[in-house]
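Any read-out appearing in this document is the output of simple, stated calculations on the displayed coordinates, not a laboratory observation. These figures come from a predicted structure and were not determined experimentally.
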Amino acid sequence: MIINHTFEVEAQVITSLSNVLARHILPLFAEETLSGEPRLVGSGFLISSGTNSYLVSAAHVFDELKDGHELFYYIEPSIKRKLSGSLRLTKLPEGKDRKGDRLDVGVLKLEGPGLPPYPAVEKYPLAIGALLPNALPREGKQYLLVGFPESKSHIKRVAREVVTEVYSYRNITVPSSKYADLDVSPQSHIVLGFDRKRTIGPDSQIRAFPEPKGISGSPLWLLCDENGPNDPAQTPIVGIAIEHHKNHHAIVVTDIDVVLKFINEIG
C-alpha cells in the first residue's frame, strides 16, 4: 500500500506539473490558402530576458514564413498576433534543405504591440534562467515533453474558435549507442524512446499518443536526474523537439544551448 500510495502521489504531481508548464507553450498557426482557416503547424514556447521576450520553436516551423505564409498565435480567444521581430534560424547545410539541418532551431525576438504575457489565454513567458544547457550525461534522467499535436486541434465554426489540446509524454533516452543511427550525438541532442501506441502519460498510465505532427518546437523538461527530482519551484528546459522517427521509435531533441546562443546574438 505504501508503494501504491507513492506511485499515485507522483502521478498526481506530474499531471499538475504538466498543466503548469503548458502555460508557457503556444500552438502556432498558419492560415489555409483556400479556406483562410487556422492550421496548426507547430508548438513554441515563450522566454523572457530582462524586458525582452522571445518565441522559441523548430526552424522548420518558422520556415513557413519563408514560404509566404503568415504565422500567428492567439493572445485572446479570438485575437491573433502575427509573428514579427528579429529571427535567428540554424543554418542549412550547403546544398541541403531543412531536413539536413540536424539542429533545426529558431528564436524570434518579439517586437511591436501585443507582447506577453497573455492572461486572457493563460500564456506567460518563462525566465531565461529556466534554460539548462548541456545537461550531460543524457542517460539516468527522466524527461517530460509537452506540446500541441495537430490532430487535437479543431475549429468551432459557429463560435469562430480554435480549440487545441495539450499532450505530454515522459520517458528516458535511448542508449547512447543508438544516437549515431539518427545522425546526432549526445553532446548536441537528446533522443527519447517513443512508441506512439505505448507511451507514458503524465499520470504514469500507458496510452496511445496522437500522431505527433505539431509537437515540433515543444520544450523538453528535465524531471529528475541521477541525484533525484529537481527543485519543484523550477523545472528546467533542456531541449527542443525537432523530429519524430517512426522507424526508430524515437523523438529527436536539440540541446537548449543553441537557443541561449541565439538570444545572446539578438540581444
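For Leu34 and Ile128, the difference between the fully extended length at 0.36 nm per residue and the C-alpha to C-alpha distance is 29.9 nm. Based on alpha carbons, the Rg and Dmax found for region 85-145 are 16.4, 44 Å. Checking the Cα-Cα distances for Lys178/Lys246; Lys66/Lys99; Lys66/Lys246; Lys99/Lys178; Lys80/Lys261; Lys82/Lys261 against a 21 Å cut-off, the pairs over it are Lys66/Lys246; Lys80/Lys261; Lys82/Lys261.
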